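Heads up: the structure comes next, in structure tokens.
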Amino acid sequence: MTLDTDFVRAQFPAFAEPSLVGQAFFENAGGSYTCAPVIARLERYYRQRKVQPYAPYAASQLAGAEMDEARARLAAMMGVAADELSFGPSTTQNTYVLAQAFRQWMEPGDAIIVTNQDHEANSGPWRRLADAGFEVREWKINPESGLLDPADLENLLDDRVRLVCFPHCSNVVGAINPVVEITALAHAAGAFVCVDGVSYAPHGLPDVGGMGPDIYLFSAYKTYGPHQGIMVIRRELGNLLPNQAHYFNAGTLYKRFTPAGPDHAQVAASAGMADYIDDLAAHHGITGGAVTRAAGVHDLMRAHETALLQPLLDFLKERNSARLIGPFEAEHKAPTVAVALNRAAAEAAAQLAGHGIMAGGGDFYAVRPLTAMGVDPERGVLRLSFVHYTTRAEVDKLLTALDDIL
Ligand SMILES: Cc1ncc(COP(=O)(O)O)c(C=O)c1O
């Protein structure tokens, strides 16, 4: 079975938008197009349900029910309970709040581990725990390959480590880290695990319950949804960490780490992300429980993306004027492809714009990994990122344009 990209693209109004015709979109890691069910729900919410939710009148009941639906359906697809999933303004904000909770919970002499492969969102807020006297250990990437080696993590772990933070997939290296293996290592040493899934989730929602991390974060606006951060916090950890919300909300797990009042409309509209995955499953004959449907859709997306990715990697690794960051084999990589050039990457992105290619150049807030790999963050990298709605014709168009500018 292969992914029906005509069906897929019909679910995204952007592909029917006259102002975007002729533009091939390769900056999906920055933010994806939004699927039609999310847009429809957002509009319906603003037209029909834009009232304080959970009051006894009909519009309010519908609003609250739709917010609950979003949490319950996305949580089910990720293999966790509905109250283990919560929404915050962004992943950066979510890690900031979680770091405050850890700061209050940890004891003198405790340590955490962070990587230098992460986007700053899953790095800086944790590193600031050093200001509170906690030891921060860095799990370093290989400066040539950009990869994290679990053997190096083993050397950093001991009974003082309370938390290990790492990315499911870096937004510049693109390598898919073995979450199950890393989580097992951390758990064996008695540490909790926080995974940044922002660059992975757009390629298929993972079965977080099955994989085992205690925290899994991703951003809905890069996963065909509205501008929200989504976090899974498993019950044991969520109840252990001190409540960060109003004191009277401490008893509700999904409220404990979201001190801000939620964006009701966007939370409700996130149910459209589940609609989209279910629509894809139904169209491709994938049946079963929520995790099975999400996994089936994940595998379809992954197969399509991998087939499109390898020719791009093959093309780039042959170029003397470009240093391809991260793995050269599509099977080990998400379709988030960064290349360092001997000039400012933003210039190259501007040239690509002239060829009808939407891409970006810069540091993408991955200053630490770029620096560790010897890439000047001022020059940055040209990032070419795509997802399952991208077609072979668009990749061919990209290759032609790259041939011209590199
Ligand atoms: C891998 C990764 N983690 C975290 C973030 C931060 O997400 P947010 O914009 O929701 O704060 C990004 C955003 O680019 C990202 O790419």
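Would you mind stating whether G296 is of a type outside the set (S, T, N, Q), part of a loop (DSSP other than H, G, I, E, B) and over 17 Å from N28 (Cβ atoms)?
no
Out of D152, D118, I need the residue that is farther than 25 Å from N243 by Cβ, among the charged types (D, E, K, R) and either outside the structural domain of A175 (by TED's automatic domain parsing) or buried (at least 19 other Cβ atoms within 10 Å of the Cβ) (or both). Which one?
When all the criteria are applied, what remains is D118.
Is there a residue being surrounded by fewer than 22 Cβ atoms within 10 Å (Cβ to Cβ) and touching a Ser or Thr at 6+ places or on another chain (Cβ under 7 Å) anywhere in the stretch 359-369?
Within the stretch 359-369 (the criterion being surrounded by fewer than 22 Cβ atoms within 10 Å (Cβ to Cβ) and touching a Ser or Thr at 6+ places or on another chain (Cβ under 7 Å)), the answer is no, since none of the residues qualifies.
Determine, yes or no, whether S60 is of a type outside the set (D, E, K, R), outside the structural domain of D263 (by TED's automatic domain parsing), out of contact with any strand residue (DSSP E or B) (no Cβ under 6 Å at 6 or more places or on another chain) and surrounded by fewer than 18 Cβ atoms within 10 Å (Cβ to Cβ).
For S60, the condition - of a type outside the set (D, E, K, R), outside the structural domain of D263 (by TED's automatic domain parsing), out of contact with any strand residue (DSSP E or B) (no Cβ under 6 Å at 6 or more places or on another chain) and surrounded by fewer than 18 Cβ atoms within 10 Å (Cβ to Cβ) - is not met.
Are there any helices (runs of 4 or more DSSP H) wholly within the stretch 211-286 with 3 or more residues that are buried (at least 22 other Cβ atoms within 10 Å of the Cβ), and if so which?
In the stretch 211-286, the matching helices (runs of 4 or more DSSP H) lie at 264-269, 271-283.
Applying the selection to the stretch 302-353, what residues are assigned to a loop (DSSP other than H, G, I, E, B) and in contact with a Phe, Trp or Tyr (Cβ under 8 Å, 6 or more places away or on another chain)?
Correct list: A334, P335.
May I ask you to list the residues in the stretch 250-274 that are at pLDDT below 95 and closer than 22 Å to P206 by Cα?
none
Any idea how many residues of the stretch 1-25 are under 24 Å from the mean Cα position of the chain (by Cα), among the aliphatic types (A, V, I, L, M) and not in a loop (DSSP other than H, G, I, E, B)?
Matching residues across the stretch 1-25 total 4.
So, in the stretch 70-92, how many residues would count as being closer than 16 Å to G225 by Cβ and surrounded by fewer than 19 Cβ atoms within 10 Å (Cβ to Cβ)?
Residues flagged as closer than 16 Å to G225 by Cβ and surrounded by fewer than 19 Cβ atoms within 10 Å (Cβ to Cβ) within the stretch 70-92 amount to 3.
Looking only at residues in the stretch 99-144 that are of a type in the set (G, A, S) and touching a Leu at 6+ places or on another chain (Cβ under 9 Å), which one is nearest to V164 (Cα to Cα)?
A111
Quick grid of which residues meet (1) touching a residue at least 24 places away in the same chain (Cβ under 8 Å); (2) within 30 Å of E66 (Cα to Cα); (3) more than 16 Å from the ligand (Cβ to nearest atom); (4) polar (S, T, N, Q):
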residue: T2; (1), (2), (3), (4): yes, no, yes, yes
residue: V8; (1), (2), (3), (4): yes, yes, yes, no
residue: Q11; (1), (2), (3), (4): yes, yes, yes, yes
residue: A16; (1), (2), (3), (4): no, yes, yes, no
residue: L20; (1), (2), (3), (4): no, no, yes, no
residue: N28; (1), (2), (3), (4): yes, yes, no, yes
residue: G31; (1), (2), (3), (4): yes, yes, no, no
residue: A36; (1), (2), (3), (4): yes, yes, yes, no
residue: R41; (1), (2), (3), (4): yes, yes, yes, no
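Of the conditions (1) among the basic types (K, R); (2) under 19 Å from the mean Cα position of the chain (by Cα); (3) closer than 20 Å to S145 by Cα, R379 satisfies every one except a single condition; which number is it?
(2) is the only condition that R379 fails.
Return yes when M67 is at pLDDT below 95 and more than 16 Å from the ligand (Cβ to nearest atom) and no when it is not.
When the stated conditions are applied, M67 does not pass them.
Taking L240 as the residue in question, decide whether it is more than 16 Å from the ligand (Cβ to nearest atom) and more than 28 Å from P37 (Cβ to Cβ).
yes
From the list Y221, Y247, which one is modelled with pLDDT of 95 or more, of a type in the set (F, W, Y) and within 16 Å of the ligand (Cβ to nearest atom)?
After applying the criteria, what remains is Y221.
The values are calculated or read from the model by the stated rules, or taken from the named source; none is laboratory data. None of these values were measured; they are calculated from a predicted model. We place every Cβ from the backbone using ideal geometry, glycine too, and count neighbours over all the protein chains shown.
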